[in-house]
Structure formats: structure tokens, C-alpha cells
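Right, one structure below, let's go through it.
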Amino acid sequence: MDFGFTKEQESFRQEVRDFLEKKIECGAFEIISNGWLENSSQEFSKEMSERGWIGMTWPKEYGGQERTYMDRAILMEEMLTCQAPIAYHFLADRQVGPAIIHFGNDDHKKEYLPKIINAEISMVLGLSEPNAGSDLVSVKTYAKEEGDFFILNGQKVWTTGAHRADYIWMIVRTDLDAPKHKGISEFILDLKTPGVTVRPIINIAGVHSFNEVFFEDVKVPKENLVGVKNRGFYQLMAQVDYERAGLERLMQNYPVFVNLVEYVKKEKRNGQPLSKDPMVRNTLAELEVEYQIGRLFCYQVAWTLTQGRIPNYEAALCKAYCTQYEQRLSDAATRILGLYGQLMPGSKWAPMNGEAADSYLWSVSYTLQGGSLEVLKNIVATRGLGLPVAKK
Ligand SMILES: Cc1cc2nc3c(=O)[nH]c(=O)nc-3n(C[C@H](O)[C@H](O)[C@H](O)COP(=O)(O)OP(=O)(O)OC[C@H]3O[C@@H](n4cnc5c(N)ncnc54)[C@H](O)[C@@H]3O)c2cc1C
């Protein structure tokens, strides 16, 4: 692995920085933790689209740029540093587009890929159900074949962004008799289809990010099935590594670290500069060490993808490390800020605008979403270290 960036990569980074600084005015956004995830802006996504920054790693025949995953990682690092509002296109770009390229037929490719690349549609992931999270093979939402349609009944949960998206990319059961993992298929569905109900779930930080999505006798045209019927679980397994691979796992709360360092530089406690407190200095230095390690993990994953290999073990290791770093960061921030650090955004007494407390609450979920810490450790143990698979 080459640890340096090439001249072209450095110049691309500068191009992205210039875009964020001048054109879109990075400073104009409220730079808050999770801003990138919560601030969905089709307008901003269209600006990115015009520069070829959506689907940039996709083949040219599908409107992509055939840029490397290293370039995409650079783009993401700059976007996340700024917490730019990329939620509108993010999931479709990262996951749904590549899945359609791999498993979709010509009609799917013609219908959806240009719309994703041009930031015309937004997509979300409908995988989890009340009794199927880590154990996704237990999904119960059922699509029954009837003429030219499937009739869909069931429920998804934790569906991030379903209240503002156009489509849901989902796995559902299509064979009730087959072994669990051999009876699942992948579908794409317009969220405005009659029979679909989206209900909000307010998360621990008080934000409407999650949803429950209910399906009641929803008529799904057969052409919405993507890939091979009943092979959906295997298809999905090839997609989850993309979900675990990105810098977003390291940088969701990035503003907290930056703001914490600035806060420590300015604040005094008991008449002494906080920056001279050995415990505070030690904590910040340790966080910086951990951040830089996480960054290398993320770039290793990007490099592995650029080599044309699926980073299964690498992505698991990267996400396991980075999400724990995020939790340690939020924990350290609330401790350094003291009792007032527990106040949420909106309180006039909250230091750092309440960011520390807010990120503390958000970061609890990071080790669950997209593969829980325990599941990832199992991957590291088996595929990384060659330990036997633990039987139930
Ligand atoms: C912020 C956030 C956003 C999300 N967004 C979406 C979304 O957009 N779409 C979507 O479909 N889902 C989404 N999810 C759901 C997410 O995919 C699930 O939370 C995740 O798969 C875990 O499933 P679960 O919550 O049912 O927990 P469970 O699978 O029930 O796990 C509970 C606990 O048991 C442990 N555990 C489970 N199985 C094992 C095992 N085999 N070995 C050891 N320990 C185990 C887990 O590590 C965890 O600690 C989101 C979740 C979060 C937190």
C-alpha cells in the first residue's frame, strides 16, 4: 500500500475544497455533528452531480466517471469535514446504484441510474424489521406472486430518511417454504405506492431520522424485482461491505473533535487555561492518535476497493474501530466540558452549542447500524483470524 496521495489526488482534494469554500460556502452550513446525514438538500446534490461527483466510481456506460474509490474517499473526507448536506443522494450513490449495476436488468439500469446520478431521486434502505436486524434472514415481509404483480404485506423499521425519500430498496420474503436464506428477494419500490405508510420514530437525540414503514396489500409490479428471485440474501451480502466501508463511519461527529480542541484552547478552568491541564491534553492527543489510525483504516478499505477486491474483513475491522472511536470522542468531550457538557443544543448554558451531549446520544447507535460491533468482531475473528465459526 502506498501511504501517500498522488499529485492528481491532492489536486482533486483541492478542487473539492475550493467548491466547498467558494461556490457552496462551507461556512454557510451549520456545521454540526450528523449534519451531513440530517441535512438533505437536493439542490446541493445537484451541484455535486454537475461536477460528476455522484456515482463517480461507476462505469462510464452507466453515467459514472470510473474514478477510483480513493478519489471517492477524498471527496467524502472533504464533504464530511464540512458536514455538507449529502443525505439526498448518499445511500443511492453508495449502495443502491452499485447493487443495480451488479444485479439489475437493462430496464432497471436505464430507469434508475441516470436519475441517481442526476440527483433526481432519493433512496433509502428497507432491510431491518422488528424481528430481523443482525439476523436479516428472518425477514417476514412477504411478497406473494399474483399475475403481473407481487402483493406485499409486512413492516420495516429503523428506515432512515423514509419520510423524505422517493424509493425504498428492500429485501422481502418470496418463498415461505424454502430455507430462510433461500427465500428472500430484493425489490425497489416507489414509497408513494398505495398501501405504503411511513411513520416517524424519534431517536434518543430527539430527532426524526428513523421511520417504521408498513406495507398493506401493496401491488408491486414484477419488474421491480431486482436480480434473481429468492437469491436476494446472497445479493445483499455482496452489498453490505460497501455500507461498512466509508469515511462516514469515522467522521459522523467530526465537528465535535474540531470544536473541542478550539474550546480547550480558549477556555479557562479554575483560573488556568484548560489547554494546560495534563489530563485534557493527554485525552485530546490520544483522540488524535485514534483518529489518524481510523483514517488509515478507511483509506485502506478505499485502496482495497480500488484494487478491485471486496474489503470484507477490512471493512468490518474499519467500522468496528471507527464507530468505537466516535463513542470515545463523545464520551471524552462530555467529560472535558464537565456537567454543562450534558446540556443539549438549544440551551443557552450549553458549551459548544450542546454538540457534545448531542453527539454522545447519537454515537450510541453507530456500533449498531450497518452491522453491529459484535457481528463485525465475528467477521474479524473468522475471516481475519481464521477462527472457527461459533455454532449456536
Ligand atoms: C442509526 C441507525 C440507522 C439505521 N438505519 C437503517 C436503515 O436505513 N435501514 C434499515 O433497514 N435498517 C437501519 N438500521 C437498523 C440496523 O441495521 C439494525 O439496528 C442492526 O442491523 C442491528 O439489528 P437490531 O437493531 O435488530 O439488533 P439485534 O440484531 O437484535 O442485536 C441486538 C444485540 O445483539 C447482538 N447480536 C446480534 N446477533 C449477534 C450474534 N450473532 N453474535 C453476537 N452478538 C449478536 C448485537 O450485536 C446487538 O448488540 C439502522 C440502525 C441505526 C442504529
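The values are calculated or read from the model by the stated rules, or taken from the named source; none is laboratory data. Quick caveat, the model's predicted, so the values are computed rather than measured. Cβ atoms come from the backbone with ideal geometry, glycine included; neighbour counts cover every protein chain shown. Only protein heavy atoms, including side chains, enter the accessible area calculation; ligands, DNA and RNA are left aside. Shrake-Rupley method; radii C 1.70, N 1.55, O 1.52, S 1.80 Å.
Shape of segment 102-189 from its Cα gyration tensor (a ≥ b ≥ c, root eigenvalues): rounded if a/c is under 1.5, otherwise prolate when a/b > b/c, or oblate?
oblate
Say a paramagnetic label sat at a point 7 Å from the Cα of Ser134, along Cα to Cβ; which residues of segment 355-375 have their backbone N under 14 Å from it?
Hits in segment 355-375 for Ser134 at 14 Å: 367-375.
Along the charge dipole of segment 88-151, pointing to its positive end and built from +1/-1 on Cβ of Lys, Arg, Asp and Glu, which listed residue (Leu136, Gly147, Ala119) has its Cα farthest out?
Towards the positive end, the residue furthest out is Ala119.
Roughly how many nanometres apart are two label points built 7 Å out from the Cα toward the Cβ at Met237 and Lys109?
Label-label distance for Met237 and Lys109, simple model: 2.5 nm.
Quote the charge dipole size of the chain about the Cα centre in Debye, to the nearest 20; the model charges only the Cβ of Lys and Arg (+1) and of Asp and Glu (-1). Walk me through the numbers on the way to the answer.
Values: 45 positive and 51 negative charges, 188 e Å.
Magnitude of the dipole: close to 900 debye.
Mind checking the full-extension length gain between Lys219 and Arg328? Use 0.36 nm per residue of separation minus the Cα-Cα distance, one decimal, nm.
Details: separation 109, 0.36 × 109 = 39.24 nm, distance 4.61 nm.
Additional length available on full extension: 34.6 nm.
Kindly identify segment 246-388 as rounded, prolate or oblate by the Cα gyration tensor criterion: order the square roots of the eigenvalues as a ≥ b ≥ c, call it rounded if a/c is under 1.5, otherwise compare a/b with b/c, prolate if a/b is larger, else oblate. If you can, show how the numbers build up before the last one.
Working: a/c = 2.61, a/b = 2.14, b/c = 1.22.
Judged from the Cα gyration tensor, segment 246-388 comes out prolate (a/c at least 1.5, a/b above b/c).
What's the extension gain from Gln14 to Asp190 if we count 0.36 nm per residue and subtract their Cα-Cα distance?
On the way: separation 176, 0.36 × 176 = 63.36 nm, distance 3.79 nm.
That pair, Gln14 and Asp190, stretches by 59.6 nm at full extension.
Using the basic label-point model (7 angstrom from Cα toward the beta carbon), what is the Glu288 to Val258 distance in nanometres?
Placing both labels 7 Å beyond Cα along the Cβ direction yields 1.6 nm.
Checking understanding here: applying a Kyte-Doolittle mean of at least -1.0 and a length along the axis of at least 30 Å (C-alpha), which whole DSSP H helices in the chain pass?
Working: long enough: 278-306 (42 Å, 0.19); 312-337 (38 Å, -0.39).
Answer set is 278-306, 312-337.
Taking the solvent-accessible surface of protein heavy atoms with a 1.4 Å probe, what is the per residue accessible area of segment 7-121 in Å²? Could you put the intermediate results ahead of the total?
Working: 4930 Å² over 115 residues.
For segment 7-121, the solvent-accessible area averages 43 Å² per residue.
Peptides 366-373, 128-135, 51-58: what's the order by average Cβ count within 10 Å, highest mean first?
Details: 366-373: 18.6, 128-135: 15.8, 51-58: 20.5.
Taking the mean over residues of other Cβ atoms within 10 Å, the ranking is 51-58, 366-373, 128-135.
Over segment 124-233, with a single point scatterer placed on each C-alpha, what log10 of the ratio I(q)/I(0) does the Debye formula yield at q = 0.16 1/Å?
Log10 of I(q)/I(0), two decimals: -0.65.
Work out, in µm²/s and without decimals, the Stokes-Einstein translational diffusion coefficient of segment 7-121 at 10 °C, 1.306 mPa s, Rh from Kirkwood over C-alpha pairs.
On the way: Rh = 14.4 Å.
Translational diffusion coefficient: 111 µm²/s.
What number, in percent, do you get for the relative contact order of the chain if the mean sequence gap of Cα pairs under 8 Å and at least 6 apart is divided by its residue count? Before the final figure, lay out the partial values.
Details: 678 pairs, mean separation 54.0, N = 392.
Relative contact order, the chain: 14 percent.
Given +1 on the Cβ of Lys and Arg, -1 on the Cβ of Asp and Glu, and no further charges, what dipole in debye does segment 240-384 carry about its Cα centre, rounded to the nearest 20?
280
Keeping the other protein chains in place, figure out the carbon and sulfur percent of the accessible area of segment 240-384, with a 1.4 Å probe. Before the final figure, lay out each step's value.
Working: 3650 of 6720 Å².
That share works out to 54 percent.
Between Val207 and Lys348, what is the label-point separation in nm under the 7 Å Cα-to-beta-carbon projection?
For Lys348 paired with Val207, the spin-label model returns 2.6 nm.
Counting heavy atoms of the protein chains only and a 1.4 Å probe, report the per residue accessible area for segment 124-233 as a whole number of Å².
Working: 4980 Å² over 110 residues.
Accessible area per residue, segment 124-233: 45 Å².
Counting only protein heavy atoms and a 1.4 Å probe, tell me what percentage of segment 28-158's accessible area is made up of carbon and sulfur.
On the way: 2350 of 5080 Å².
Heavy-atom surface of segment 28-158 belonging to carbon and sulfur, 1.4 Å probe: 46 percent.
I'd like to check one number: the per residue accessible area of segment 308-360, probe 1.4 Å, reported in Å² as a whole number. Before the final figure, lay out each step's value.
On the way: 2330 Å² over 53 residues.
I get 44 Å² per residue for this part.
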